[in-house]
1. Picking from Gln138, Phe212, Pro161, whose Cα lies most toward the positive end of the charge dipole for the chain (charges on Cβ: Lys, Arg +1; Asp, Glu -1)?
2. Could you go through region 267-278 in sequence order and give the Karplus-derived ³J(HN,Hα) for each residue, using 6.51 cos²θ - 1.76 cosθ + 1.60 with θ = phi - 60°, rounded to whole Hz, and x for Gly and Pro?
3. Roughly what % of Cα-Cα distances in region 11-260 sit above 35 Å, to the whole percent?
4. If amide H atoms are built 1.01 Å from N in the plane of the peptide, which residues on other chains or at least 5 residues away come under 5 Å of the amide H of Met81?
5. For the pair Val251 and Leu27, how long in nm is the line joining their label points, each one 7 Å along Cα→Cβ?
6. Over the chain, with a Gaussian network built from C-alpha contacts below 10 Å, which listed residue (Met73, Met289, Met269) shows the highest mean-square fluctuation?
7. So how strong a dipole does region 12-91 carry about its Cα centre when Lys and Arg Cβ are +1 and Asp and Glu Cβ are -1, to the nearest 20 debye?
8. How would you classify region 175-322 from its alpha-carbon gyration tensor, with a ≥ b ≥ c the square roots of the eigenvalues: rounded for a/c under 1.5, else prolate if a/b is greater than b/c, otherwise oblate?
Amino acid sequence: MSNLDLKPAPTVCGGREDVSAQPVHELLTGRVVPLGESTVVRRLLPNLGRRMVGAWCFVDHYGPDDIADEPGMQVPPHPHMGLQTVSWLHDGEVLHRDSLGSVRTVRPRELGLMTSGRAIAHSEESPRPHPRVLHGAQLWVALPDAHRNDAPAFEHHADLPVAAGGGGLRATVILGSLDGAASPGTTYTPIIGADLTLAAGTDARLPLERDFEYAVLAMSGAAVVDGVPVEAGSMLYLGAGRTELPLRADVDSGLMLLGGEPFEEQIVMWWNFVGRTGDDIARARADWMSGSRFGEVTGYDGATLPAPELPPVPLKARGRVR
Ligand code: MN
């Protein structure tokens, strides 16, 4: 998915200053952002006061939406740099096309993982015809400096490992590893992404890494995370310093666990790009607009997405103030 904000604000993030070394409860609500003509998404990251969780730097939750009589998702070809995109569905289908020539339909609980490296372009659309309901999340992972200029790649993993849960909990490992189960998805920093299905009556404890910081995104139902009720469409930041996470649910509920080692490097994020300096971003924007570097997406029925204007103030990585 793309950041379709017409005036995206630059975000400077990364570093240790914002990371809570101790367990905390920080409830984050999503900012509603229109996506195309008929869809809205709830943007959980970056959020006011909370910009990253480990290397996770962008989280949108959308749906469940009835798109039976709608085009559904229609995100025209757009570029990415310096990040990985994770497409994760609970309902529906998304057809991915990219400038490497990949054409893939991503289905519920399959991992669509695109590593932009230095440059890639892609489109995402609801196939025609498509299932009635669309519900999912789009997430980005910042690439560390040593890999941000790597060659682009797209992976599709339909058969992801399930960590031993118990107590009504089922954990599908999307990225990284959890309780001995490891995802085949390529990662570049110590990170975890897991899909948590809680059957009605769940009372379970999930093992965590003490050095990771964590957040839980609520997708559906009404789960109670470490004693805190988390409504669908919101996210609970948990900090670091935990070795387990108590989870309860009285009704069937769906969550995503996001976490990782705090991301030490400072990054500059603007529109669909992650760089280190304002110049990185300005060059990427100019290259996209001149049709160089990012390649071409074939097969999408429509024009490419133009980049918004750069903000008048130069983008600069700087120390953060909270
Ligand atoms: Mn995208």
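1. Phe212
2. Listing the rounded values in order: 10, 10, 10, 8, 6, 9, 10, 10, x, 10, 9, x Hz.
3. Tail fraction, whole percent: 9.
4. Answer set, sorted by chain and number: Val274.
5. Rounded to a tenth, the inter-label distance reads 1.7 nm.
6. Largest GNM mean-square fluctuation: Met289.
7. Values: 6 positive and 10 negative charges, 108 e Å.
For region 12-91, the charge dipole is close to 520 debye.
8. Details: a/c = 2.30, a/b = 1.84, b/c = 1.25.
Verdict is prolate for region 175-322.
We did not get these values from a lab; they are worked out from the coordinates using the rules stated. The structure presented is a predicted model; accordingly, all values stated were derived computationally and were not measured. When we count neighbours, we look across all protein chains shown, and the Cβ atoms used for this are built from the backbone with ideal geometry, even at glycine.
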